[in-house]
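One structure below.
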Amino acid sequence: MDTLTGVTVQISQNFDGGNIEVVSAESAHDIRLNIRHDQDSEFYQWFYFRLSGARNIACTLKILNAAGAAYPKGFENYRVAYSYDRQHWNRWPTSLANGVLTIEITPEQDSVYFAYFAPYSMERHADLIARSLQSARCSLEVVGQSLDGQDIDLLKISSGGSTPTKHCWLIARQHPGETMAQWWMEGALEWLLDPTNAQSRALLERCTFFVVPNMNPDGSRRGHLRTNAAGRNLNREWAAPAMDAAPEVFVVREAMAREGVDFFLDVHGDESLPYCFIAGVEGLSGWDESSQAQLDFYKNRLADLNPDFQTAVGYPPKAPGEANLTMAGGHVGHHFGCLAMTLEMPFKDTTATPEPTVGWNGPRSKALAHSCLLAVGDYFDSKVSQ
């Protein structure tokens, strides 16, 4: 009990995607916490927990091990996501000093949730799959199970016609703490399956979409930042995935080999950079002017369609021959010879189009997905895709 307030505050994280360790919570004015490491890994940064019993009490929460996180710069100029109903997530300022991340807040209700970014639970994932399958355009294949025994869901979205189409692959959440990636997926699926959307109908006449909304269900449920149940970073397993270490990648690779790939987008989030951007696979040994033109067309078209996306800032391209073929983009681009890209969205906010109340969030991720799909259609309409 806090002797200054006469109440007992509680911190809990024993729920889907939860992550925090309590060092001390005897006083609302000095709640000390640590982020838990991913299983069998040195990675940590994702957190998600509930503070209860502190209505109208000034609270100070300190995350003591912020300096040792996987991306400590991600906590610089960072505004934490918080929610009272777990449906609407707003942002609250934090401070970072001597490696400690501090949140000072007076909760308005008995219970308030804090997260590194708006969570996307495995229950919401199950709802997304079930809702998508109500459309005649959508079918499901469970391509395998994770190490924890969770299904790895592959959705196929098509018009049902007999005309050959381009095979477009969308995957997300190889890194489970990058929850904006699955918010993006929710937006993509809703757009593709909207029966009133003439643009999606036209796109599906030309393209069949193969969609893995969550590549890492175990890490998602366990509250990991970057790895699966075996502590493996799935986006470094694409060269030679093993069923006992990275079955998620193994089974998706097998499905790709069976179906073929004409377009590939791997959806992620970046902890430090306050921008939406795309990373290509310029480091492939076969990269040429045609490959560059395809990448430039897609990026520039997406920037035209959505003001939240930009092309000026991103990861520096690798020199030809230096591509990392253990990563999804490198493997797919090399193996299938198609346009393969990684989309990055911020944990913080976009500098050119900031929304201080919510920062970058789920609805903005969903809206970006709509633009990405429109750009797919424009890409296959263009000469550069030939």
Based on what the data block shows, is SER272 buried (at least 20 other Cβ atoms within 10 Å of the Cβ), touching a Gly at 6+ places or on another chain (Cβ under 7 Å) and within 28 Å of GLU42 (Cα to Cα)?
no
When the stretch 166-224 is checked residue by residue, the ones that are within 27 Å of GLU271 (Cβ to Cβ), among the hydroxyl-bearing types (Ser, Thr, Tyr) and out of contact with any strand residue (DSSP E or B) (no Cβ under 9 Å at 6 or more places or on another chain) are SER220
Residue hits (the stretch 181-221; outside any helix (DSSP H, G or I) and farther than 16 Å from TRP169 by Cα) are ASP194, PRO195, THR196, ASN197, ASN216
Note on the stretch 208-248: residues of a type outside the set (Phe, Trp, Tyr) and within 29 Å of GLN386 (Cα to Cα) are THR208, VAL211, VAL212, PRO213, ASN235, ALA239
Given the conditions (1) under 23 Å from VAL358 (Cβ atoms); (2) open to solvent by less than 80 Å² (accessible area, probe 1.4 Å); (3) of a type outside the set (Ser, Thr, Tyr); (4) not in a helix (DSSP H, G or I), every one holds for GLN87 apart from (2)
Those residues of the stretch 98-111 that are under 20 Å from ALA66 (Cβ atoms) and either open to solvent by less than 60 Å² (accessible area, probe 1.4 Å) or part of a loop (DSSP other than H, G, I, E, B) (or both) come to a total of 7
Scanning the stretch 190-217 for residues that are under 13 Å from SER365 (Cβ atoms) and of a type outside the set (A, V, I, L, M, F, W, C), the one least open to solvent (accessible area, probe 1.4 Å) turns out to be PRO213
ARG32 under 25 Å from the mean Cα position of the chain (by Cα) and either in contact (Cβ under 8 Å) with a residue 24 or more places away in the chain or buried (at least 19 other Cβ atoms within 10 Å of the Cβ) (or both) = no
Per the filter on the stretch 97-119, residues among the hydrophobic types (A, V, I, L, M, F, W, C) and touching a strand residue (DSSP E or B) at 6+ places or on another chain (Cβ under 7 Å) are VAL100, LEU101, ILE103, ILE105, VAL112, PHE114, ALA115, PHE117, ALA118
Kindly establish whether ILE63 is over 23 Å from THR351 (Cα atoms) and in contact with a Leu (Cβ under 6 Å, 6 or more places away or on another chain).
-> yes
- With the condition kept exactly as written, say whether any residue in the stretch 174-189 is open to solvent by 10 Å² or more (accessible area, probe 1.4 Å) and not hydrophobic (A, V, I, L, M, F, W, C). no
Checklist entry - Out of curiosity, is LEU140 outside any loop (DSSP other than H, G, I, E, B) and crowded, with 18+ Cβ neighbours inside 10 Å? => result no
Reported set for the stretch 195-253 where residues are among the aromatic types (Phe, Trp, Tyr) and in contact with a Ser or Thr (Cβ under 6 Å, 6 or more places away or on another chain) is TRP238
Inside the stretch 66-79, the number of residues satisfying the requirement of being surrounded by fewer than 18 Cβ atoms within 10 Å (Cβ to Cβ) and in a loop (DSSP other than H, G, I, E, B) is 3
Sole miss for ASP349 among (1) within 17 Å of the chain's Cα centre (by Cα); (2) in a helix (DSSP H, G or I) is condition (2)
Does GLY283 satisfy the criteria of being part of a loop (DSSP other than H, G, I, E, B) and surrounded by 19 or more Cβ atoms within 10 Å (Cβ to Cβ)? yes
Of those in the stretch 314-346 that are part of a loop (DSSP other than H, G, I, E, B), under 21 Å from GLU237 (Cα atoms) and among the small types (Gly, Ala, Ser), the residue farthest from the chain's Cα centre (by Cα) is GLY321
Residue pairs within 8 Å by beta carbon, gap of at least six or interchain, first lying in the stretch 233-254 and within 16 Å of LEU147 (Cα to Cα), second of a type in the set (Phe, Trp, Tyr), listed first then second, are ASN233/PHE43; PRO241/PHE250; ALA242/PHE250; MET243/PHE250; VAL249/TRP238
Quick count over the stretch 112-128, residues being in a loop (DSSP other than H, G, I, E, B) and surrounded by fewer than 20 Cβ atoms within 10 Å (Cβ to Cβ), is 1
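The values are calculated or read from the model by the stated rules, or taken from the named source; none is laboratory data. Here the structure is a predicted model, which is why all the values come from computation and not from measurement. Cβ coordinates were reconstructed from backbone atoms using ideal geometry, including for glycine residues, and neighbour counts include every protein chain displayed. Quick note on the areas: whole protein, heavy atoms, side chains included, nothing else; ligands and nucleic acids left out. Shrake-Rupley method; radii C 1.70, N 1.55, O 1.52, S 1.80 Å.
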